[in-house]
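Structure record follows, encoded as structure tokens.
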Amino acid sequence: MTETTTPTKSMDDIMALCKRRGFVYQASEIYGGINGFWDYGPLGAMLKKNLRDAWWTDCVMTGCNGKLGPDGKPVRLVPVDTCIIQNPKVWEASGHVAGFNDPMVDCRESKSRYRADHLKLLRATGEDEGRMFAFIEGDTKGFETALKKLGKYVKRDLGEGDTEVLELVGVDAEVLERVVGPHASETGTLTEPRAFNLMFKTYIGATATEDDVAYLRPETAQGIFTNFKNVVDTMRVKVPFGIAQIGKAFRNEVTPRNFTFRSREFEQMEIEFFCHADDAEAWYAFWRDWRMEWWQSLGLDGDNLILREHDRDELAHYAKEGAGTSDVEYRFPFTAPGFGELEGVAHRTEFDLRQHQEHAKTKLEYFDHERGEIAPNGQPKGERYLPHVIEPSAGLDRGVLAILCEAYTRDESRPSPELMKFHPRLAPIKAGVFPLVKKDGMPEKAAQLHAELSKRFGAHGLIETDEKQSIGKRYARMDEAGCPYCFTIDGETLTDQTVTVRDRDTGSQERIGIDKVPDYLDGKLGL
Ligand code: ATP
């Protein structure tokens, strides 16, 4: 955890602005709300769409914006759009049915999941305020590791009577902050025990018996794995390639909190990138670095964004020697000085395809014509294998929240001090067009320009127009909504066909020809 240098913004201020300006509302607000669910208002819906579109375009349609992969070739991705409800066997194979059934503790660092009642805490006798090391009950090696770590921490050899063991179940959140997980190196990465099954249950058909139980998906990834064979058979894709999906996921979180950060309904943007085991480490490094670059390109480019690589010897059960897991993390006002996960990039080996192959009793192996021994005819004989998977898994709502927090700015020198400094590409309102006053043909001219800009930029955001109040007040309203440019029609426009352009971030103004406005905006928005 690095020290914070940026003054922390107030989450209350950000939430108040989100409500006031139509970014985020509480779901079912007029009925008193519903915990863990949030609705997006007009500006929020547009902001979210812009972030979703940016991911879709940059990752999927242009294959990482045309960047070459570690094999020196273009990166190939194809999209799917799979159902929220799947055959319940999918969730048995993925481990969600069995694994989500008891109070569980997750390790944010190693991505391991433990039964809460299986975790014990080792500490030095009498050191009530000190660090504790978790281990899994019955795991002798794990216990020895915990003892060694504790010995290093207290800087002495620990014999019988020098240590004591506590149950994890029942300890306070504050105590958990001092615990190092069984496969972690830092303190405070274990979550509080969460009552699983985390999956929302529903019933299919009219009878609604236990035989009809189905689940709302807790992640979009499994719909990709179950369609791996279909995509290979129908799309002429060759490994290495990725399948991408954006969609809703549902988790019955025990403690939804921190605005939209931990919600019960949220949207994910996931890629499963399939490659040969020998290439997995290189592809993992490629995706880890590119995902970080991508978030930076959208304005999260300061020290609030970090890439945290998990320690190699503390990886999740499926992650093998050689590659690993990283998180792209953002310093939210409520996590500062710490960070919260925006996206995880994991080398999942062939774990998921193997699980589905076994549970569905369907071969999911890929036949690679370009590998294998060289036959007498000089051609490779081919190799049959289960591809390894690199999974960049991002939260769209968490992304929007990070963008909102990063954009929120207070500038006390302005008459209205709050403004949202969105990257122009993401801004929900792309431009404002205002007549200086409501007379002399100015409103008509503004309406014309407004119509022209709406036609050209409408797919990417709103073009606002407004005739009420002083121009300063109208600018302030646009600043608060994060609109990057305002064009004002005034007396001069009518004589020399120029307009004023005002820049949100600097407040500076310049004049340009009215006919130049669409191209000017195009250049600035970088769409
Ligand atoms: P956390 O440890 O915060 O619960 P996770 O590690 O379980 O997250 P993943 O299963 O890796 O999350 O999901 C991928 C992404 O989905 C996360 O990086 C996050 O952006 C998003 N996400 C997960 N759970 C939620 C949630 N309850 N609300 C909003 N977004 C979520």
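Table for the structure above
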read-out: Condition check for Ala134: among the small types (Gly, Ala, Ser), in a strand (DSSP E or B) and touching a residue at least 24 places away in the same chain (Cβ under 8 Å); value: yes
read-out: In the stretch 168-201, the residues that are hydrophobic (A, V, I, L, M, F, W, C) and in a loop (DSSP other than H, G, I, E, B); value: Leu168, Val169, Val171, Ala184, Phe196, Leu198, Met199, Phe200
read-out: Breaking point among (1) closer than 30 Å to Ile204 by Cβ; (2) aliphatic (A, V, I, L, M); (3) surrounded by 14 or more Cβ atoms within 10 Å (Cβ to Cβ), for Ala98; value: (3)
read-out: Filtered residue count, the stretch 11-36, keeping only those that are in a helix (DSSP H, G or I) and of a type in the set (Lys, Arg); value: 2
read-out: Residues within the stretch 469-506 that are within 24 Å of Met46 (Cα to Cα) and not hydroxyl-bearing (Ser, Thr, Tyr), tallied; value: 18
read-out: Residue, modelled with the lowest pLDDT, within the stretch 250-272, restricted to residues that are among the hydrophobic types (A, V, I, L, M, F, W, C) and more than 7 Å from the ligand (Cβ to nearest atom); value: Val254
read-out: Flag for Arg410 being away from the ligand (no atom under 16 Å from the Cβ) and farther than 22 Å from His276 by Cα; value: yes
read-out: Single residue of Asp39, Asp58, Asp71 found to be assigned by TED's automatic domain parsing to the domain that holds Ser297, in contact (Cβ under 8 Å) with a residue 12 or more places away in the chain, surrounded by fewer than 16 Cβ atoms within 10 Å (Cβ to Cβ) and not in a loop (DSSP other than H, G, I, E, B); value: Asp39
read-out: Residue satisfying all of: in the stretch 89-116; without any contact (Cβ under 8 Å) to a residue 60 or more places away in the chain and under 23 Å from Phe143 (Cα atoms); nearest to the ligand (Cβ to nearest atom) among these; value: Arg113
read-out: Some residue of the stretch 488-496 being of a type outside the set (Phe, Trp, Tyr), in contact (Cβ under 8 Å) with a residue 12 or more places away in the chain, assigned to a loop (DSSP other than H, G, I, E, B) and exposed (fewer than 15 other Cβ atoms within 10 Å of the Cβ); value: no
read-out: Members of the stretch 18-29 that are under 23 Å from Phe250 (Cβ atoms) and surrounded by fewer than 21 Cβ atoms within 10 Å (Cβ to Cβ); value: Tyr25, Gln26, Ala27, Ser28, Glu29
read-out: Leu462 vs. criteria of a type outside the set (Phe, Trp, Tyr) and surrounded by 18 or more Cβ atoms within 10 Å (Cβ to Cβ); value: yes
read-out: Residue list for the stretch 169-187, filter: in contact with a Leu (Cβ under 8 Å, 6 or more places away or on another chain) and either over 24 Å from Thr145 (Cβ atoms) or free of Cβ contacts under 8 Å to residues at least 40 places away in the same chain (or both); value: Leu176
read-out: Flag if Leu426 is buried (at least 21 other Cβ atoms within 10 Å of the Cβ) and either at pLDDT 95 or above or more than 23 Å from the chain's Cα centre (by Cα) (or both); value: yes
read-out: Residues located in the stretch 238-253, provided they are in a loop (DSSP other than H, G, I, E, B) and crowded, with 18+ Cβ neighbours inside 10 Å; value: Val239, Pro240, Arg251, Asn252
read-out: Lone unmet requirement of (1) within 15 Å of the ligand (Cβ to nearest atom); (2) closer than 24 Å to Lys48 by Cβ for Gly242; value: (1)
read-out: Hits in the stretch 189-207 (condition: in contact (Cβ under 8 Å) with a residue 24 or more places away in the chain and under 25 Å from the mean Cα position of the chain (by Cα)); value: Thr189, Leu190, Thr191, Glu192, Pro193, Arg194, Ala195, Phe196, Asn197, Leu198, Met199, Phe200
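The rows are residues; the columns are (1) at pLDDT below 95; (2) hydrophobic (A, V, I, L, M, F, W, C); (3) in contact with a Gly (Cβ under 7 Å, 6 or more places away or on another chain).
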{"position": "Leu364", "(1), (2), (3)": "no, yes, no"}
{"position": "Phe367", "(1), (2), (3)": "no, yes, yes"}
{"position": "Pro376", "(1), (2), (3)": "yes, no, no"}
{"position": "Glu383", "(1), (2), (3)": "no, no, yes"}
{"position": "Ala394", "(1), (2), (3)": "no, yes, no"}
{"position": "Gly399", "(1), (2), (3)": "no, no, no"}
{"position": "Arg414", "(1), (2), (3)": "yes, no, no"}
{"position": "Met420", "(1), (2), (3)": "no, yes, yes"}
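The values are calculated or read from the model by the stated rules, or taken from the named source; none is laboratory data. Since the structure is predicted, the reported quantities are computational estimates derived from the model, not experimental observations. Every residue, glycine among them, receives a Cβ derived from its backbone with ideal geometry; neighbour counts consider all protein chains shown.
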